[in-house]
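Below is one structure, written out as structure tokens; the observations come after it.
The values are calculated or read from the model by the stated rules, or taken from the named source; none is laboratory data. Keep in mind it's a predicted model, so treat the numbers as computed, not measured. Virtual Cβ from ideal backbone geometry, glycine too; neighbours counted across all protein chains shown. Please note that ligands, DNA and RNA were not included when accessible areas were found on the heavy atoms of the full protein model with its side chains. Shrake-Rupley method; radii C 1.70, N 1.55, O 1.52, S 1.80 Å.
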Amino acid sequence: MGSILVIGGNSDIGYATAKVFAQNKYNIHLVSRNTSQLEIKKKEIESLYKVKCKITLLDILNEDNVNNFFNKNLESPNIILIAVGHTEIDEKNYKKIASINYVSPMVFIEKSLIKYKTQKKLNTIIGISSVAGDRGKKRGCIYTSSKSAFSSYLDGLRQRLYSDKIHVITVKPGWVATKMTKNLDLPKIMIASVDFVGNKIFKSYKTKKNTLYVPKFWSIIMFFYKIVPEILFKIFTK
Ligand SMILES: NC(=O)c1ccc[n+]([C@@H]2O[C@H](COP(=O)([O-])OP(=O)(O)OC[C@H]3O[C@@H](n4cnc5c(N)ncnc54)[C@H](OP(=O)(O)O)[C@@H]3O)[C@@H](O)[C@H]2O)c1
């Protein structure tokens, strides 16, 4: 039926989304750093959904790895999903945070377009950004700024690729139950499951949504969050 390349195939959200596509008979290509985890996921997808699942080792921070990927994967997928991400409490590795969340995904997408655009098979690029990118925040300042950059890049790319008939979806999840959030003390009622998010991403692909806030109530929260006067954040937030 079609194929989806998932960069960050070990991400809990990325994998949950891949499973929904597999359920709908898309062939899957999972790409990430941890191949033993990818092997397990490949077996699960192939046995549950009877589609092909390829896996590839790739560290998105390593330029040689990325170039090698394109030298070996000559055929364009129909969909590219970017699901890599990295957060740190104290943000000491600020370059790494900015690179994993923005610079490296942007470079990967640009190289994909050089390699695959002329084949005219690529129809959608889905980037997982975050509601955190909607406004700079004292805590997690590097992560939020890199997600802002990624959201803005995806929005611009959607306009740029419109005439090429390649649709771009900016996904903005709120809190989701994954490895990334498991040690954080978050209000349980506001945490979505990866399956819920995966299904919403698939639906957005089908309906060609531009921006997906998931769950939807985050669009209302972020509307008000963006109009809070700056001074309140300076004084009252930790
Ligand atoms: N969870 C949330 O509440 C939440 C909210 C908003 C947005 N998001 C965003 O959603 C996306 C998915 O996050 P998640 O919650 O599913 O997190 P996750 O399960 O921790 O997955 C992140 C994945 O990124 C991959 N990754 C990190 N550095 C990499 C690198 N250098 N090269 C290749 N892969 C690398 C890791 O793959 P390996 O395991 O193979 O190393 C890891 O599995 C991220 O962009 C995140 O910022 C998450």
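Worth pointing out:
- Subset of segment 23-48 (residues that are away from the ligand (no atom under 11 Å from the Cβ) and either under 19 Å from Leu122 (Cβ atoms) or part of a loop (DSSP other than H, G, I, E, B) (or both)): Asn24, Lys25, Tyr26, Asn27, Ile28, His29
- Sole residue being farther than 18 Å from Lys179 by Cα and without any contact (Cβ under 8 Å) to a residue 12 or more places away in the chain, chosen from Asn68, Asn73, Asn24, Asn78: Asn68
- Within the option set Lys209, Lys238, Lys234, being in a helix (DSSP H, G or I) and either among the aromatic types (Phe, Trp, Tyr) or at negative phi (or both) holds for one residue only, Lys234.
- Cβ-Cβ distances below 7 Å connect no pair with a first residue in segment 82-100 that is farther than 19 Å from Ile13 by Cα and without any contact (Cβ under 8 Å) to a residue 24 or more places away in the chain, a second residue that is polar (S, T, N, Q) and surrounded by fewer than 19 Cβ atoms within 10 Å (Cβ to Cβ), and a separation of six or more residues or different chains.
- Number of residues in segment 20-33 that are within 17 Å of Ile82 (Cβ to Cβ) and open to solvent by 30 Å² or more (accessible area, probe 1.4 Å): the value is 1.
- Segment 122-147 residues that are more than 26 Å from Gln159 (Cβ to Cβ), paired with ones that are part of a loop (DSSP other than H, G, I, E, B) and within 15 Å of the ligand (Cβ to nearest atom) (beta carbon under 6 Å, 6 or more apart): Ile142/Glu91
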